[in-house]
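The values are calculated or read from the model by the stated rules, or taken from the named source; none is laboratory data. All values derive from a computational prediction rather than experimental measurement. Here the Cβ is made from the backbone with ideal geometry for all residues, glycine too, and neighbour counts use every protein chain on show. For the accessible areas, the whole protein counts, side chains as well, though only heavy atoms, and no ligand, DNA or RNA atoms are used. Shrake-Rupley method; radii C 1.70, N 1.55, O 1.52, S 1.80 Å.
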Amino acid sequence: MGIVYQTDKRSGITYAYENQSFWDPELKRSRSKRKLIGRVDPETKEIIPTDGRCKKRSPSYVADPQEYVMPKTMKGLKDEVLRLLKENSELKTQLEALKNNVS
């Protein structure tokens, strides 16, 4: 197991990955799996943890207990989409009412 550094040619950002090598008996050759650790700071060469979706959290980040939690089942996702669509239509109605009050 080791750390591999790879630079994204499009953005010029260097990322650090945890590399795990293993033998693939079917292909009869060595293979490897990589797991993203984070971005590499260009000045300090320090690895800054990231989730790989261009979102970074500070080292002092503390999750809010009221923070949204994504549903884990398809039914939960469907219910969440329906709730958001309903909320969206209610907000559109409120927006139209506010526009009419201003006019």
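What to note about this one:
- Label-to-label distance, nm, for residues given as Gln6 and Ser32 (7 Å Cα→Cβ offset): 0.9 nm
- For the cross-link pairs Lys9/Lys45; Lys35/Lys75; Lys9/Lys35, the ones whose C-alpha atoms lie over 24 Å apart are Lys35/Lys75.
- Annotation: per residue accessible area for region 1-40 equals 84 Å², rounded to a whole number [probe 1.4 Å, protein chains only].
- Cleavage-rule hits (GluC sites (Glu not before Pro)) in region 1-43: DSSP loop, at most 14 neighbouring Cβ within 10 angstrom: Glu26, Glu43
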